[in-house]
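Colleague: There's a structure below that I have some questions on.
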Amino acid sequence: MRDIVLEHVPRVRAVRVLDIGCGTGSLVFCLADALPAATLVGIDISAANIRAAREQLGARSSGRTSGTPQSTSERPETAITFDAVDYFEYRSEPFDLVVTDGVLHLIPGATAPLLEKLATDVRPGGLLVCNMPFDCRYNRVFSRIRSVIRPLRSTWLDRLILEAARVIHRGDMRDEDLRERVPYMYMPPERMMNDDLASCFAAAGFDRVAEYRMKTTSISQLKHRVTIFGRRAH
């Protein structure tokens, strides 16, 4: 996601960036290091995620006094902020860049209000970088499986999914990261990227600029695509 953003945003621009569903802040920190003049905000509905992001920010900022050469430590403290909030409740001036990595397809409810909210948060001429599943047979099958097992969720099924994940990833992911992803196995996407959804984006004032296929890291992971949308100036 960082590399894709850098193909479309000059490193030296003083852009305002919003990460919707920032988790523990990994993408925010990557973009902060790559865009030294940017002001970045990360929001997430999980208070635990935001606490972890703020702890990391504090640790990185402590480089200011310890002499650690970290770009985050050279910024004003207000240049990177995190907030635990539901996206629909979040209010701010429009941003030059909004990024959302594997989140938009999980936000429940109708699509039109979501896109209207995005249109208010991306300034005219700004960019929306959206990573989400795209409509294909593979994703439709796994979406159906998630819908079937959702009402069957239990402690034993969580353990079974976790054990299967450990076998699939064979130690290349931390156990805590695998545990964090278990709930997503019960969450079918509310929407997937296709021409119809792109038309909905267009109706909300977004024009499709580019697309990038993302690497799939697990057979249980939905196939994702990054779509770059430009917010129409008029």
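The values are calculated or read from the model by the stated rules, or taken from the named source; none is laboratory data. Since this is a predicted model, take the numbers as computed values, not measurements. FYI the Cβ positions are ideal-geometry reconstructions off the backbone, even for glycines, and counts take in every protein chain you see.
Colleague: Yes or no: the range 133-144 includes at least one residue that is in a strand (DSSP E or B) and either modelled with pLDDT of 95 or more or under 24 Å from Phe229 (Cα atoms) (or both).
Modeller: yes
Listed here are the residues, each with its yes/no results for (1) touching a strand residue (DSSP E or B) at 6+ places or on another chain (Cβ under 7 Å); (2) surrounded by fewer than 18 Cβ atoms within 10 Å (Cβ to Cβ); (3) assigned by TED's automatic domain parsing to the domain that holds Leu118.
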| residue | (1), (2), (3) |
| --- | --- |
| Asp175 | no, yes, no |
| Arg181 | no, yes, no |
| Leu197 | no, no, yes |
| Cys200 | no, yes, yes |
| Asp207 | yes, yes, yes |
| Ala210 | yes, yes, yes |
| Ser218 | no, yes, yes |
| Leu222 | yes, no, yes |
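Colleague: What's the number of the only condition in (1) surrounded by fewer than 20 Cβ atoms within 10 Å (Cβ to Cβ); (2) over 16 Å from the mean Cα position of the chain (by Cα); (3) in the same structural domain as Asp207 (by TED's automatic domain parsing) that Ile149 fails to meet?
Modeller: Just one mismatch for Ile149, condition (3).
Colleague: Looking only at the range 112-133, decide whether some residue is among the aliphatic types (A, V, I, L, M), farther than 24 Å from His8 by Cβ and either loosely packed, with under 15 Cβ neighbours inside 10 Å or touching a Gly at 6+ places or on another chain (Cβ under 6 Å) (or both).
Modeller: yes
Colleague: Moving on to the next point. For the range 9-40, how many residues are of a type in the set (Gly, Ala, Ser) and in a loop (DSSP other than H, G, I, E, B)?
Modeller: Residues flagged as of a type in the set (Gly, Ala, Ser) and in a loop (DSSP other than H, G, I, E, B) within the range 9-40 amount to 6.
Colleague: I've got another one for you. Return yes when Arg144 is over 29 Å from Ile43 (Cα atoms), touching a residue at least 12 places away in the same chain (Cβ under 8 Å) and of a type in the set (D, E, K, R) and no when it is not.
Modeller: Criteria met by Arg144.
Colleague: Still on this model: On the given criteria, is Leu118 in a helix (DSSP H, G or I) and within 14 Å of the chain's Cα centre (by Cα)?
Modeller: Here the answer is yes, as Leu118 does meet what is asked.
Table: residues versus (1) of a type in the set (Phe, Trp, Tyr); (2) free of Cβ contacts under 8 Å to residues at least 24 places away in the same chain.
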{"residue": "Trp156", "(1), (2)": "yes, yes"}
{"residue": "Ile161", "(1), (2)": "no, no"}
{"residue": "Ala165", "(1), (2)": "no, no"}
{"residue": "His169", "(1), (2)": "no, no"}
{"residue": "Met173", "(1), (2)": "no, yes"}
{"residue": "Arg179", "(1), (2)": "no, yes"}
{"residue": "Met185", "(1), (2)": "no, no"}
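Colleague: For the range 93-109, give me the residue count where each residue is at pLDDT 95 or above and exposed (fewer than 15 other Cβ atoms within 10 Å of the Cβ).
Modeller: 1
Colleague: Does Arg123 satisfy the criteria of being basic (Lys, Arg), over 19 Å from Tyr212 (Cβ atoms) and at pLDDT 95 or above?
Modeller: Taking the combined requirement at face value, the residue satisfies it.
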